[in-house]
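Chemist: This is the structure, below, for whatever I ask next.
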Amino acid sequence: MNKKGFIFDLDGVIVDTAKYHFLAWKKLANDLGIDFTEHQNEQLKGVSRVKSLEKILDWGGISLSDEAFQYQMNKKNTDYLSCIETMKENEILVDVPKVLTFLKKEQQPIALGSASKNARKILKKVALYESFDSIVDGTNVSKAKPDPEVFLIAAKDLDMEPNECIVFEDSIAGVQAANKADMISIGIGDQEVLNEANFVFKDFSEVSIEFLKQLINKQ
Ligand code: B16
Ligand code: MG
């Protein structure tokens, strides 16, 4: 039986927490007197919390003491956590269960590859924690996407070679990380934004079972 390693990003792929990150970063930026647009937010997707704050401060031309930096990081996370506190299964993105159920039925190894330190908490909230053979998140990596570390660890955990793995990603940084890891990158979102991906779909309703079978059987 053919096997591939299927690696899923979390925010913006499994659940729409990208909108909560946006709200929390926007509040933080605006409170510091910095404008924050959706276009800038796009550049923070898949990027670690520390790197995201560094970028926002850079855009605003502001520098903070280590203590103030830490304070803002904690504040952002507290705001974000209050948004995800009430998350339920109905916030799983469209047709994600269809894809996970099919891959499980076909006995394909499945991993999570997320930059978020809150990934495990979110998966438990939406009752998907048990759906993954391996979970690699922001607590397991030292280098942020676009570095391929997160996906390479996931491949290893699944006992697959990188070139036998397929990554689903909503962020530019994540697509670049998958490409650097020599994996097939599948963008979930906007074709124009994710144009470096091998394939792009608006969401999982466009990802057919036939396409998944082709990925599994690809030599
Ligand atoms: P946290 P992903 C990423 O998750 C988000 O896309 C990004 O916006 C966020 O800053 C990063 O996680 C860190 O998240 O603050 O919860 O540790 O898309 O890689 O699943
Ligand atoms: Mg993401």
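The values are calculated or read from the model by the stated rules, or taken from the named source; none is laboratory data. If you're wondering where the values come from, they're calculated on a predicted model, not measured in any experiment. Here the Cβ is made from the backbone with ideal geometry for all residues, glycine too, and neighbour counts use every protein chain on show. Just the protein is used for accessible areas: all its heavy atoms, side chains included, with ligands, DNA and RNA removed. Shrake-Rupley method; radii C 1.70, N 1.55, O 1.52, S 1.80 Å.
Chemist: On the accessible surface of segment 88-219, probed at 1.4 Å, how many percent belong to carbon and sulfur atoms? Please list the in-between numbers first.
Modeler: Details: 2960 of 6300 Å².
Here it works out to 47 percent.
Chemist: If you don't mind, there's one more thing I want to ask. Arranged from highest to lowest average of other beta-carbon atoms within 10 Å per residue, in what order do the peptides 119-125, 141-147 appear? Walk me through the numbers on the way to the answer.
Modeler: Working: 119-125: 19.0, 141-147: 17.3.
Per-residue Cβ counts within 10 Å, averaged per peptide and sorted highest first, yield 119-125, 141-147.
Chemist: So how much slack lies between residue 82 and residue 27, counting 0.36 nm per residue of separation and subtracting their Cα-Cα distance, in nm?
Modeler: Numbers: separation 55, 0.36 × 55 = 19.80 nm, distance 1.33 nm.
That works out to 18.5 nm of additional length.
Chemist: Could you tell me, in Å, what Rg and Dmax come out for the Cα atoms of segment 76-164?
Modeler: 14.0, 40
Chemist: While we're on this one: On the accessible surface of segment 18-84, probed at 1.4 Å, how many percent belong to carbon and sulfur atoms? Intermediate results must be reported in sequence, preceding the final value.
Modeler: Values: 1820 of 3630 Å².
Carbon plus sulfur share of accessible area: 50 percent.
Chemist: With the calculation restricted to Cα positions, what are the radius of gyration and Dmax of segment 115-216 in angstrom?
Modeler: For segment 115-216, the Cα radius of gyration and maximum Cα-Cα distance read 13.5, 37 Å.
Chemist: Report the Rg/Rh value for the chain, based on alpha-carbon coordinates and the Kirkwood definition of Rh.
Modeler: Details: Rg = 17.2 Å, Rh = 17.6 Å.
Across the chain, the Cα-based Rg/Rh ratio is 0.97.
Chemist: Roughly what would the spin-label model give for residue 63 and residue 153, points 7 Å off Cα along C-beta, in nm?
Modeler: The answer from the label model is 3.1 nm.
Chemist: Order of 82-90, 160-168 by packing, highest average Cβ count within 10 Å first?
Modeler: Values: 82-90: 11.6, 160-168: 20.8.
Order by mean packing, descending: 160-168, 82-90.
Chemist: Rounded to whole Å, give me the distance from the Cα center of segment 164-191 to that of segment 71-131.
Modeler: Using only Cα atoms, the two centres lie 18 Å from each other.
Chemist: Accessible area per residue, 1.4 Å probe, Å², for segment 18-84: what's the number? Numbers along the way, then the final one.
Modeler: Working: 3630 Å² over 67 residues.
Value returned for segment 18-84: 54 Å² of accessible area per residue.
Chemist: Find, to one decimal place in angstroms, the Kirkwood hydrodynamic radius of segment 18-84, where the mean of 1/r is taken over every pair of different Cα atoms and then inverted. Don't skip to the answer; put the middle values down first.
Modeler: Numbers: mean 1/r = 0.0849 Å⁻¹.
This gives a value of 11.8 Å.
Chemist: Grab the DSSP H runs of the chain that are 4 residues or longer, score each as -39,500 (n - 2.57), total them, divide by all residues and round the 222 nm result to the nearest 500 deg cm²/dmol. Show your work: numbers first, answer last.
Modeler: Working: 9 runs with 95 residues, N = 219.
Here the helix-only value at 222 nm equals -13000 deg cm²/dmol.
Chemist: Would you pull out the residues with amide H under 5 Å of residue 165's amide H, same chain only if 5 or more places away, H placed 1.01 Å from N?
Modeler: Hits under the 5 Å cutoff: 5, 184.
Chemist: Something else about it: Quote the accessible area belonging to residue 27 in square angstrom, nearest 10, computed with a 1.4 Å probe and with ligands, DNA and RNA left uncounted.
Modeler: Accessible area of residue 27: about 100 Å².
Chemist: Right, something else. According to a simple spin-label model (label point 7 Å from Cα along Cα-to-Cβ), what is the distance in nm between residue 2 and residue 75?
Modeler: 5.2 nm
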